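The values are calculated or read from the model by the stated rules, or taken from the named source; none is laboratory data. Remember, predicted model here, so these are calculated numbers, not experimental data. Because the Cβ atoms are built from the backbone with ideal geometry, glycine has one as well, and the counts that use them run over all protein chains shown.
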Amino acid sequence: MQADPTTRLTFIVSSGALKGFSFILQQGFFVRIMTGSTLEQVLTEQLGIEEEYIEKRISTIFLDGHPVDDLHGAIIHDGAALSLSAAMPGLVGATMRRKGAYASFRSAIAYHEEKGAGSRHEDDGLIEVKLFNLLMAELGPHFFKRGVYLRPGDLAGFISPIMTNLRQGCRLILLNDRPVDGDAVPGMLKNMGTDLIQVFVIRQKDVVS
């Protein structure tokens, strides 16, 4: 997977317009990390999520499709898929909950680091992140402000249905720090190829003047 280090697309938006980008959070986006770190280190030291927030709000974590209980034992590798969720309802939600009373019921599918795998060798990497339910609103602005990586074609597909709202709520769009016309963005993205580009979505009130 390749990321274009030279292409940055920034949306300066109203708080209301930011909500229109929430589907990206659930469909999945990419972030740069240092591989060979534990999941706990990636979440706190690299992605900037406070430990207290993780303990109180992130109830369910999936790594490569497996529920995770031990954040210190899971080693993150390049290309990993990470899903984060607040508490989910019902028995399924209770069963998948980290450190929950029913966690033993799904021990067969829980994430376990394989012997000889999960090397602690450190290197630059990309992982896919997905956010669900309450975490979309709570962590979404944090990730968007830091910058996420997306395929241009996927982003074009994401924003095309919300262009009407985007025109109303988007204050400024910058391509590599140069203003661009919002109506031209979907077509421009479709011509960018397949390399990942870095995307920022920042609330106008968070922009430092």
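Testing Leu131 on (1) modelled with pLDDT of 80 or more; (2) in a helix (DSSP H, G or I), one condition comes back false. Which one is that?
(2)
Against the condition loosely packed, with under 15 Cβ neighbours inside 10 Å and of a type in the set (Gly, Ala, Ser), how does Gly16 come out, does it pass?
yes
In segment 161-181, what residues are touching a helix residue (DSSP H, G or I) at 6+ places or on another chain (Cβ under 8 Å), surrounded by 14 or more Cβ atoms within 10 Å (Cβ to Cβ) and in contact (Cβ under 8 Å) with a residue 12 or more places away in the chain?
Ile162, Met163, Asn165, Leu166, Gly169, Cys170, Ile173, Leu175
Give all pairs with beta carbons closer than 7 Å in which a residue from segment 11-29 that is among the polar types (S, T, N, Q) and in a helix (DSSP H, G or I) meets a residue that is at pLDDT below 95 and buried (at least 16 other Cβ atoms within 10 Å of the Cβ); count only pairs at least 6 apart in sequence or on separate chains.
Pairs found: Ser15/Arg203.
Of the residues that make up segment 141-148, is at least one more than 24 Å from His66 (Cβ to Cβ), out of contact with any Lys or Arg (no Cβ under 7 Å at 6 or more places or on another chain) and surrounded by 19 or more Cβ atoms within 10 Å (Cβ to Cβ)?
Among the residues of segment 141-148, at least one is more than 24 Å from His66 (Cβ to Cβ), out of contact with any Lys or Arg (no Cβ under 7 Å at 6 or more places or on another chain) and surrounded by 19 or more Cβ atoms within 10 Å (Cβ to Cβ), which makes the answer yes.
In segment 73-85, which residues are more than 14 Å from the chain's Cα centre (by Cα), modelled with pLDDT of 90 or more and either at positive phi or part of a loop (DSSP other than H, G, I, E, B) (or both)?
Passing the criteria: Ala74, Ile76, His77, Asp78.
Given the conditions (1) assigned by TED's automatic domain parsing to the domain that holds Ala81; (2) polar (S, T, N, Q); (3) assigned to a strand (DSSP E or B), which single one is not true for Thr44?
Condition not satisfied by Thr44: (3).
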